[in-house]
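Report on the following structure.
Computed from the coordinates by the stated procedures, all read-outs in this text should not be read as laboratory data. Note that the structure is predicted; figures quoted are calculated from it, not measured. Here the Cβ positions follow ideal geometry from the backbone for every residue, glycine too, while neighbour counts run over all protein chains shown.
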Amino acid sequence: TDLAHFVSGLPKAELHLHIEGSLEPEQMFELARRNRIAIPFASVEELRGAYSFSRLQDFLDIYYQGADVLRTEEDFRDLALAYFRRAAADSVVHAEIFFDPQTHTDRGIPFQVVADGLLAGMQEAERDLDVTSRLILCFLRHLDEDAAFETLAAAEPWLDRIAAVGLDSSEVGHPPSKFRRVFDRAGEMGLLRVAHAGEEGPPAYVHEALDLLHIDRLDHGNRALEDRALTTRLARSGMTLTVCPLSNLKLCVVEDIDAHPIERMLRLGLRATVNSDDPAYFGGYVNDNYRALIPAGRLDAHDFATLARNSFLGSFLDDVAVTRHI
Ligand code: HPA
Ligand code: ZN
């Protein structure tokens, strides 16, 4: 349709993308072969068939397992570059990508291998595809705060190339308060701060992310809508929400894509953005996420332009660069 065509061509930034979640089954098999690793699936089709989730944890179990094929700097570079090629095809001109260093360091892959590999892919993407990017180091919230401090220490030589820290993995039972001190430290080191909150966790976790972690951006935030005062606070402060429609559908955060709350978020004055989260696992890159919102019929071209503009306003680009994009 005309609207789908318009939406697909809108220049956009992607602000919620786990690079490990962009590992497509085909690339997983290729890296397994290259690194001589056995994977417990006979084919790409069988692996894709296992991507059926009823909650966040179902997904995380298979996502951490998939990451095991990533071993060398070249693997991380190839992973990043494959994502940027897909993103560029979706009119993404800027991406702020999450990585989970602990998923790799805990299985003996040095932080240096992960960071330098990803940074090489990012540099090539900027040179060859004209897609700019930033790196966000996520702490795994199911691990303890000491482990997060160790990760922050390991990252010190790369801090000039890391824009922010984030918080991801199993939300319920691992509230933001658990990471208050390490987020304070990251702030003192000059890093920006983001956190996943209100995906499966209650509105109280969003309050904690604001009050204790001093976040600059809220990842997901769906359940903030259950709390009116919180919703108003987010709207008044101009907080950006990085919303992930197909992820929400696949992880059963929403029951039906046509019932996705993004339209309500916009009407409530929230600065919502559209993102792919883990595109290889959730059935689509950023344009698939934008287009999935069309059939409900509640968003028009102006709304989609607002969502795309929000992605630049909520990015960590400087004002001059944002002005060039909007
Ligand atoms: N939520 C929490 N942790 C994650 C996600 C997510 O959507 N994707 C990758 N790690
Ligand atoms: Zn996420």
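Some observations on this one:
- For segment 215-222, the Karplus equation 6.51 cos²θ - 1.76 cosθ + 1.60, evaluated at θ = phi - 60°, returns couplings of 5, 8, 7, 10, 8, 6, x, 3 Hz by residue, with Gly and Pro reported as x.
- A cut-off of 5 Å between modelled amide H atoms, ignoring neighbours fewer than 5 places along the same chain, links Leu192 with Ala164, Val165.
- When Val172, Val93 are arranged by Cβ crowding within 10 Å, least crowded first, meaning fewest neighbours, the order is Val172, Val93.
- Linear extension gain, Asp116 paired with Ala204, 0.36 nm per residue minus alpha-carbon span: 28.0 nm
- Stretchable slack from Val172 to His214, in nm (0.36 nm times residue separation minus alpha-carbon distance): 13.2 nm
- For the chain, the square roots a ≥ b ≥ c of the C-alpha gyration tensor eigenvalues yield an a/c under 1.5, which makes the shape rounded.
- nm² value of the averaged projected area, convex hull over the Cα atoms of segment 122-278: 10.0 nm²
- Tensor-based shape of segment 58-198 (alpha-carbon gyration tensor, a/c under 1.5 rounded, otherwise prolate or oblate): prolate
- Cys138, Cys244 arranged by Cβ crowding within 10 Å, fewest neighbours leading: Cys138, Cys244
- Shape class of segment 36-75 from the Cα gyration tensor (axes a ≥ b ≥ c, square roots of the eigenvalues): oblate, since a/c reaches 1.5 or more and a/b does not exceed b/c.
- Taking amide H positions as modeled 1.01 Å from N, with prolines and chain starts lacking one, the residues under 5 Å from Ser133 and 5 or more places away or on another chain are Ala95.
- Backbone N under 19 Å from the Ile326 label point (7 Å along Cα→Cβ), restricted to segment 111-137: 132-134
- Ordered by the number of other Cβ atoms lying within 10 Å of each residue's own Cβ, fewest first, Arg271, Arg217, Arg309 fall into the sequence Arg309, Arg271, Arg217.
- If R0 equals 45 Å, the separation of the Cβ atoms of Asp128 and Ala38 corresponds to a calculated FRET efficiency of about 0.85.
- Potential extension, Ala147-Glu45 segment - 0.36 nm per residue separation minus Cα distance: 33.1 nm
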